[in-house]
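The next block holds one structure in the form of C-alpha cells; read it before the comments.
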C-alpha cells in the first residue's frame, strides 16, 4: 500500500511538471503511464491538473472517425446513357417518339457515384450485435448517483468502469453486455440504477472486388451488410452478376447472395452482416435473356443455370392484359451459331418448362386491335365510339333520340355507313338521312340494318376544315378553296382537328380507301359536286345513288343556285380504250321530283355542276371618305362606276383636292403584299451574296447593316393597294375615264393641299408652302441640299395622285416648272453607285416612298 502511494505521488509530480511545461499537452508516453493508474486515481489527478479525461483516449481503442454519412450521388448506367443520347438525337431530328432500347434489370438500384467513404453509424442496433474493440457504451446512472459514463471498449476487449474496475465485454452480444453491466451495477453500487445503450460504433475495413463500379477497400460501419457495401462502392457494372454475389471470409465462401431475392421478393435473409476483412466479390454475369413486348417490366434479365420460362415470368412481373400469350416468339442461337425462332404458348405447361439459354430473346406481342361484334360511331355524336352489335341492329338502335344522342350542329340530312365487303377490307358506302331513319324506323330504305364492323359517320352542318402545315400556302393563294373542295393532292401531310366533323375531315379517310381499292374492272367509286351548293367537293358513290342524293350530300343548294338546270359531266371509256367526255344538262326540278330522265343514276367520276343564277352578285360594298357631302359605306350594284358613287355621296365639297385623291383596291393590296415579300426575300439573298463576296470588311459590314435596315422597313411597310386615277377627268368626262367599282374598293378625297414635300437623301426632309415659281432644285436647296449619298441624276417626283414623274434629261426641272403641283413629293434617292449597294434598293425604296405618301394623304382625313 505504501509502495503504491509513493508511486502515485512520484507520477503525479512528474506528470504535473511535464504537463505544465507542455501547456497541458501530454505525450503518448505520459498517457501510457497515466493509464496504469486505477480509475479513481486517474480522476483525482486529472482534477488537480485540470485535464479532461475524455480528451486523452485512455482506453487505447482506435480513433473514431467523424460521424458523417457517406455521400453517393446518383449516376446513369452506361446503357441508359447511350439510350438517352440516341433518343435525344432522334427527337432533335424529328424522328418521332420511338420505343427505347432494353436496359439490364436491377443495376440502377445501387448505381451511384461515391464521394465519401466515411462509415454510417446512425443505424438502429440489433440486440444480437456483437460488441468489440472500438465500440462505445453509454451508461446513464441514476438514483443514489447521477452520472453519464461514455466508456470505450479497448483493444483488450474491456471497458474501464469507475469504482467497478475493468469489465470484459468483447465477443458478447449487446444484449448480454447490457444484462452483465446492469447486474454488476445493481450488486456493487447499492441504490443506483442504470440505462445502457451503444454510442459510436467501431468501423471496419472490407473489400469490394470483381465487377463493382468502384472496386477497392472500404471502411464501413460494423453494422454493414452486403447491400450496404454495394451501395457505398457505387453499385455493380452491367457486366457483373446480380445473382451470384459472393461473401468470402478468410478465403472461404460464406454466402452466395442473389439480389433478385431482394429486388423481386423483398427478401433480405441472405444479406449477411460483414466482419472486418470480409471480401464481397462480384463475378461476371454469364447468362442473360432479353424480354420485350407486352410485359410489365421489359428488360434484360440474368438467369441461373436450370431456370425455365416459368421462372422468367416471375422476373418480368407478369404479362399485360394486351399480351398474346398463345403466340410468343423465342429467338435462340443454336449449336451452329444461327438464330432460330420458336413460337411458344405460355398457357402450355410444356412450353413453360423450356430451359433458358444465354442470348435468348423473348418477345411477347400484343393481341390484335380487332374487336369482334361491334359497330363504330364516328363524328358529330354525343357518345361516339364502339357499340355492341347484334343481329338485326339498325341505325335507330344507336341513335335513339335526336335531342340527346347527336350534337346541335349535326347534319340530319346526310350520314353514311362505311361497310367492309371482303377480306381485303374493300369498302362500300351507304347513304341515309338520320332524320328520316328515326321517322321511319320500320322501313329498311330509310333505317338501314347494320352489319358487324360497320362504321356509322355523322357530319356537322359546318365546314370547319383545318389543315396543318399549309396555312401559309393558303394565305399566299397557292391553294384555293376549289382545290380544297376537290381534295387536291399536296406534299404536306394533312391532319384534322379531333373535333372537326366537317365533310372534308371525316370523308378524307373514306376517299383515301376508295382511291386505294380502284383497279381495272373496279372503277373509282367517287363523284364530284361543284358549284352553288353548301359543301362542294368529292363524295363517295353509294350503289344506285342519284343526282338528288348527291346534292343532298352537299348540303343542298345555295340561294345563289340556278335551280332550273344543272350539268353532269360524264367520262366514257370506249372499246378502243379511248376516253371521251360528255356533258348532260338535266332539269334540277325534275331531279328533286325523282323523275328518271332528270334524276340520273350517278357513275364513277361523274361531276355534277350547279350553276349560279344569271346576274347574281353577292352584296358588294365600297367606302368613300373625305371631302364628299355624305362619306361612308355604300352598297353597289354590278357595273356601278366611281362617278356614280360620288353623285350618290352628294358630290365633292368646295375644299376637295381632286388631284390628290387616293383610290384603294383589295385585290391590288394582296399583289403588293406578295411583291413586298418577294423583294424582301431577294434582298436577303443579295445580302448573303454580298457577305460571301470580297471587298473591304468595313464596307461589307456597312452595306449589310443598311440592307438589313431596309429589310426591317419592308416589314413595317403597309400595303395599301393604291390604284392611280385622274379624278378630275373621271368627274368631268366619265364616259371616257370612269372606273367600274369592285367589292371592297375605297376612295379617299383629301382637302386642298398647299404644301410640297422633300424626302430622301437631303439634309432636312420637310414640307414647304407650294410656290409655282420655285423649281425642284430650289425646293431641295430649301431642305438643306442633298447628302453625300444622294443620286442627283435620278431625283423623281411622286404626284399627288400617286403617279411617278421621272426625269427626261438634266434640265427637266428648270424647263418643267409647271409640272410641280401642291401635294407633290420630291424624292432624292440613294446613289446606287455609292459603296456599291444592292441592286434592289432603288425599286424597294420607291415602293416604300409611294406607300408613305399615300398613308400621309389618308391620315389627313
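The values are calculated or read from the model by the stated rules, or taken from the named source; none is laboratory data. Note that this is a predicted model, so its numbers are computed, not measured. Positions of Cβ are generated from backbone atoms using ideal geometry, with glycine treated the same way; all protein chains shown enter the neighbour counts.
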Next on the checklist: Here is a check on your reading of the model: is residue 249 touching a strand residue (DSSP E or B) at 6+ places or on another chain (Cβ under 8 Å) and loosely packed, with under 15 Cβ neighbours inside 10 Å?
Outcome noted: no
Item to check | Complete set of residues in the stretch 347-371 that are assigned to a loop (DSSP other than H, G, I, E, B) and within 40 Å of the chain's Cα centre (by Cα) | outcome: 358, 359, 367, 368, 369, 370, 371
Item to check | Top-ranked residue in the stretch 593-625 [being in contact with a helix residue (DSSP H, G or I) (Cβ under 9 Å, 6 or more places away or on another chain) and within 30 Å of residue 659 (Cβ to Cβ); ranked as surrounded by the fewest Cβ atoms within 10 Å (Cβ to Cβ)] | outcome: 625
Checklist entry - In this structure, does residue 771 turn out to be assigned to a loop (DSSP other than H, G, I, E, B), closer than 30 Å to residue 641 by Cα and either without any contact (Cβ under 8 Å) to a residue 24 or more places away in the chain or within 57 Å of the chain's Cα centre (by Cα) (or both)? => result no
Checklist entry - Is it the case that residue 623 is modelled with pLDDT of 90 or more and in contact with a strand residue (DSSP E or B) (Cβ under 6 Å, 6 or more places away or on another chain)? => result yes
Checklist entry - Only one residue in 150, 156 is touching a helix residue (DSSP H, G or I) at 6+ places or on another chain (Cβ under 9 Å) and in contact (Cβ under 8 Å) with a residue 12 or more places away in the chain. Which one? => result 150
Checklist entry - In this structure, is residue 254 farther than 18 Å from residue 107 by Cα, assigned to a strand (DSSP E or B) and out of contact with any helix residue (DSSP H, G or I) (no Cβ under 9 Å at 6 or more places or on another chain)? => result yes
Next on the checklist: Tally up the residues in the stretch 171-230 that are surrounded by fewer than 17 Cβ atoms within 10 Å (Cβ to Cβ), more than 56 Å from the chain's Cα centre (by Cα) and without any contact (Cβ under 8 Å) to a residue 24 or more places away in the chain, please.
Outcome noted: 8
Next on the checklist: Against the conditions (1) in contact (Cβ under 8 Å) with a residue 24 or more places away in the chain; (2) farther than 26 Å from residue 548 by Cα; (3) out of contact with any helix residue (DSSP H, G or I) (no Cβ under 9 Å at 6 or more places or on another chain), where does residue 424 fall short? Just the number, please.
Outcome noted: (3)
Checklist outcome for this item: Of the residues in the stretch 519-543, those that are surrounded by fewer than 20 Cβ atoms within 10 Å (Cβ to Cβ), farther than 20 Å from residue 601 by Cα and either touching a residue at least 60 places away in the same chain (Cβ under 8 Å) or under 39 Å from the mean Cα position of the chain (by Cα) (or both) come to 534
Item to check | Meets criteria (part of a loop (DSSP other than H, G, I, E, B), modelled with pLDDT under 85 and surrounded by 16 or more Cβ atoms within 10 Å (Cβ to Cβ)) for residue 719 | outcome: yes
Checklist entry - Quick check: is even one residue across the stretch 566-577 under 30 Å from residue 377 (Cβ atoms), touching a helix residue (DSSP H, G or I) at 6+ places or on another chain (Cβ under 6 Å) and either part of a helix (DSSP H, G or I) or outside the structural domain of residue 425 (by TED's automatic domain parsing) (or both)? => result no
Item to check | Members of the stretch 257-286 found to be in a strand (DSSP E or B) and either touching a helix residue (DSSP H, G or I) at 6+ places or on another chain (Cβ under 9 Å) or without any contact (Cβ under 8 Å) to a residue 12 or more places away in the chain (or both), listed by number | outcome: 257, 273, 280, 282
Checklist entry - Hey, does the stretch 607-629 have a residue that's under 30 Å from residue 654 (Cα atoms) and in a loop (DSSP other than H, G, I, E, B)? => result yes
Next on the checklist: I'd like the residue in the stretch 659-676 that is in a helix (DSSP H, G or I) and in contact with a helix residue (DSSP H, G or I) (Cβ under 7 Å, 6 or more places away or on another chain) and, out of all such residues, is modelled with the lowest pLDDT.
Outcome noted: 676
Checklist entry - Identify, please: which residue in the stretch 747-763 is surrounded by fewer than 19 Cβ atoms within 10 Å (Cβ to Cβ) and closer than 21 Å to residue 627 by Cα and is, among those, modelled with the highest pLDDT? => result 751
